[in-house]
Amino acid sequence: MYALYINIGIDQLLLCFEMENITDIRQEQRLRYIDLCAYVLGSINRRQLMNRFDVKEAWSTRDFNRYQEIAANNLLYDHRL
């Protein structure tokens, strides 16, 4: 079992889920990267994720959707960017 830590302000939310295959592990890495960029840089977009992990747009969209399911209040979508 792997644990995914998502920053929520000062507190942290610990999410535990079973990692069944390598795809899940890679998605976990991308989710951590989304969280790190949002926290440190203040923003993250699909293109950054695609370039960093060499994934297609569909995968990056799935990752952002999954991140929103896990930590809905951490990211706000800005269509102007």
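Here LEU81 qualifies as out of contact with any strand residue (DSSP E or B) (no Cβ under 7 Å at 6 or more places or on another chain) and either of a type in the set (A, V, I, L, M, F, W, C) or at pLDDT below 90 (or both).
Residue pairs whose Cβ atoms lie under 6 Å apart, sitting 6 or more positions apart in sequence or on different chains, and linking a residue in the range 42-55 that is farther than 17 Å from GLN68 by Cβ to a partner that is surrounded by 12 or more Cβ atoms within 10 Å (Cβ to Cβ) and of a type in the set (Ser, Thr, Tyr), are MET50/SER60. When you check LEU75 against the structure, is it under 22 Å from ASP24 (Cα atoms) and among the aliphatic types (A, V, I, L, M), yes or no? Criteria met by LEU75. Taking the range 44-81 as the range and being open to solvent by less than 100 Å² (accessible area, probe 1.4 Å), in a loop (DSSP other than H, G, I, E, B) and among the charged types (D, E, K, R) as the test, only ASP78 passes.
Look through the range 42-67, keep the residues that are touching a helix residue (DSSP H, G or I) at 6+ places or on another chain (Cβ under 9 Å) and aliphatic (A, V, I, L, M), and return whichever of them is nearest to ARG80 (Cα to Cα). For the range 42-67, the residue satisfying everything is ILE44.
The values are calculated or read from the model by the stated rules, or taken from the named source; none is laboratory data. Owing to the predicted nature of the structure, the values given are computational and were not obtained by experimental measurement. Cβ atoms come from the backbone with ideal geometry, glycine included; neighbour counts cover every protein chain shown. The accessibility values were calculated without ligands, DNA or RNA, using every heavy atom of the protein model including side chains. Shrake-Rupley method; radii C 1.70, N 1.55, O 1.52, S 1.80 Å.
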